[in-house]
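The values are calculated or read from the model by the stated rules, or taken from the named source; none is laboratory data. As the structure is a prediction and not an experimental result, all values here were calculated from the model. Positions of Cβ are backbone-derived with ideal geometry, glycine not excepted, and every protein chain shown enters the neighbour counts.
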């Protein structure tokens, strides 16, 4: 379709207005892309699902057809507006890993839930867009079956590094994404090429070797998946590698050299709460459900529930090497949740001497009915 000079000038003005409004609403980046062409990310997604690397995230397999192309989400869409919000931390996320009696929570989950923060801004921008330019549109945060990282790469927000995460020239590893699909035809920004060079620090740092090859992730080995998505006990082969990571993992993000250009987030709702920067494992182990809900109010951590979090805390306690924490694990042998009781067994196996642990096992197994918990006792040897 031929566009006249006046139409091109009007389009340029419209795009400038959209970027200005996005900035006024608190977005740090605003880029455009068309969505008519082939979508190479679809083949990578199919390989990922076919290999079973999505683990228990059944929703990925169930929605795979809708994820193959942005137009599969909405046939009438013509352009995408990709927005980024910086959530850069004010300190090195790796430092906490050297404090084994404290829990490491992923940077993105130390403040308010970004889904809510970004969604409200997206809706505000969408209302403004429709009032100003008309057309139809739909907004997306990462809860919808839309491949946002490839979309962001295509729009020039950043590129997917060897760890499959998005890297930005301006903000390094620390960008939340939101998208608007629209019937408006906007001029696409230039895609961002892969700028990792020969660096593979993100692959080398992974504690569980979750990357079978560059640009490939096996979620079943990823600490973020294991501590957040996995509902049952974490496989024994990964428990020591968890260290004190109790919710997510930032290692492959934090080591990226492009973070030298990163800046601290300006959105106060995304700022880390003091209580979540380096929480005491002992205090976290004492959380009942009401206390858990109060501590993690408006936090992404809330969605995994108290039992899964305490499971993670107990693995961290077992890795701490601090015998003083054994009392917390011993108390949780009486927890109503079999998931928690099983994790407490594993924690005690690392903190107690063999004779003391064997004596405790003999006493506790008489009254334990759950087969998984009994299996945890049996797994620690005769």
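Taking helices (runs of 4 or more DSSP H) that fall entirely within region 163-280, which contain at least 3 residues that are farther than 25 Å from residue 146 by Cα and touching a residue at least 40 places away in the same chain (Cβ under 8 Å)?
Correct list: 201-205, 236-242.
Do any residues in region 358-382 that are assigned by TED's automatic domain parsing to the domain that holds residue 331 and surrounded by 16 or more Cβ atoms within 10 Å (Cβ to Cβ) have Cβ atoms under 8 Å from those of residues that are modelled with pLDDT of 90 or more and in a loop (DSSP other than H, G, I, E, B), where the two are at least six apart or on different chains, and which pairs are they?
360/352; 374/368; 376/233; 377/368
Out of (1) assigned to a helix (DSSP H, G or I); (2) surrounded by fewer than 19 Cβ atoms within 10 Å (Cβ to Cβ); (3) modelled with pLDDT of 95 or more, what's the single condition that is false for residue 336?
For residue 336, the exception is condition (1).
Any idea how many residues of region 281-301 are under 21 Å from residue 176 (Cα atoms) and in contact (Cβ under 8 Å) with a residue 40 or more places away in the chain? Walk me through how you get there before you give the answer.
Our first condition is that a residue be under 21 Å from residue 176 (Cα atoms); within region 281-301, this holds for 296-301.
If we keep only those that are in contact (Cβ under 8 Å) with a residue 40 or more places away in the chain as well, we get 298-301.
Of the residues in region 281-301, 4 are under 21 Å from residue 176 (Cα atoms) and in contact (Cβ under 8 Å) with a residue 40 or more places away in the chain.
Within 27 Å of residue 248 (Cβ to Cβ), surrounded by fewer than 21 Cβ atoms within 10 Å (Cβ to Cβ) and assigned by TED's automatic domain parsing to the domain that holds residue 181: is that true of residue 61 in this structure?
Details: within 27 Å of residue 248 (Cβ to Cβ): yes; surrounded by fewer than 21 Cβ atoms within 10 Å (Cβ to Cβ): yes; assigned by TED's automatic domain parsing to the domain that holds residue 181: yes.
Yes, satisfied.
Would you confirm whether or not region 68-84 contains a residue that is in contact with a strand residue (DSSP E or B) (Cβ under 6 Å, 6 or more places away or on another chain), at pLDDT 95 or above and within 22 Å of residue 227 (Cβ to Cβ)?
no
When region 163-180 is examined, which residues are found to be buried (at least 20 other Cβ atoms within 10 Å of the Cβ), more than 18 Å from residue 74 (Cα to Cα) and more than 15 Å from the chain's Cα centre (by Cα)?
Correct list: 168, 171, 172.
Please go through region 79-95 and pick out each residue that is crowded, with 18+ Cβ neighbours inside 10 Å and either within 18 Å of the chain's Cα centre (by Cα) or assigned to a helix (DSSP H, G or I) (or both).
Correct list: 83, 84, 85, 86, 87, 88, 89, 93.
Of the conditions (1) more than 30 Å from residue 232 (Cβ to Cβ); (2) within 19 Å of the chain's Cα centre (by Cα); (3) part of a loop (DSSP other than H, G, I, E, B), residue 76 clears all except one; give me its number.
(2)
Taking region 237-253, which residues are in contact with a helix residue (DSSP H, G or I) (Cβ under 8 Å, 6 or more places away or on another chain) and more than 18 Å from residue 310 (Cβ to Cβ)?
If the condition is that a residue be in contact with a helix residue (DSSP H, G or I) (Cβ under 8 Å, 6 or more places away or on another chain) and more than 18 Å from residue 310 (Cβ to Cβ), then 240, 241, 249, 250, 251, 252, 253 are the ones that fit.
How many residues does region 124-146 contain that are buried (at least 22 other Cβ atoms within 10 Å of the Cβ) and part of a loop (DSSP other than H, G, I, E, B)?
Adding up the residues that qualify gives 1.
The rows are residues; the columns are (1) at pLDDT 95 or above; (2) over 26 Å from residue 65 (Cβ atoms).
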{"position": "130", "(1), (2)": "no, yes"}
{"position": "133", "(1), (2)": "no, yes"}
{"position": "147", "(1), (2)": "no, no"}
{"position": "151", "(1), (2)": "no, no"}
{"position": "204", "(1), (2)": "yes, yes"}
{"position": "207", "(1), (2)": "yes, yes"}
{"position": "224", "(1), (2)": "yes, no"}
{"position": "228", "(1), (2)": "yes, no"}
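Does residue 225 qualify as being under 16 Å from residue 313 (Cβ atoms) and assigned by TED's automatic domain parsing to the domain that holds residue 85? Before you say what the answer is, go through the steps one by one.
Working: under 16 Å from residue 313 (Cβ atoms): no; assigned by TED's automatic domain parsing to the domain that holds residue 85: yes.
Considered against the rule, which asks whether it is under 16 Å from residue 313 (Cβ atoms) and assigned by TED's automatic domain parsing to the domain that holds residue 85, residue 225 comes out as no.
Select, from 16, 61, 43, 22, the only residue that is modelled with pLDDT of 80 or more, within 25 Å of the chain's Cα centre (by Cα) and assigned to a helix (DSSP H, G or I). Break it down stepwise before answering.
Working: 16 fails: within 25 Å of the chain's Cα centre (by Cα); 61 fails: modelled with pLDDT of 80 or more; 43 fails: modelled with pLDDT of 80 or more.
Step by step, each of 16, 61, 43, 22 is checked, and only 22 is modelled with pLDDT of 80 or more, within 25 Å of the chain's Cα centre (by Cα) and assigned to a helix (DSSP H, G or I).
Conditions tested, residue by residue: (1) within 19 Å of residue 248 (Cα to Cα); (2) in contact (Cβ under 8 Å) with a residue 40 or more places away in the chain.
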residue: 306; (1), (2): yes, no
residue: 316; (1), (2): yes, yes
residue: 326; (1), (2): no, no
residue: 343; (1), (2): yes, yes
residue: 346; (1), (2): no, yes
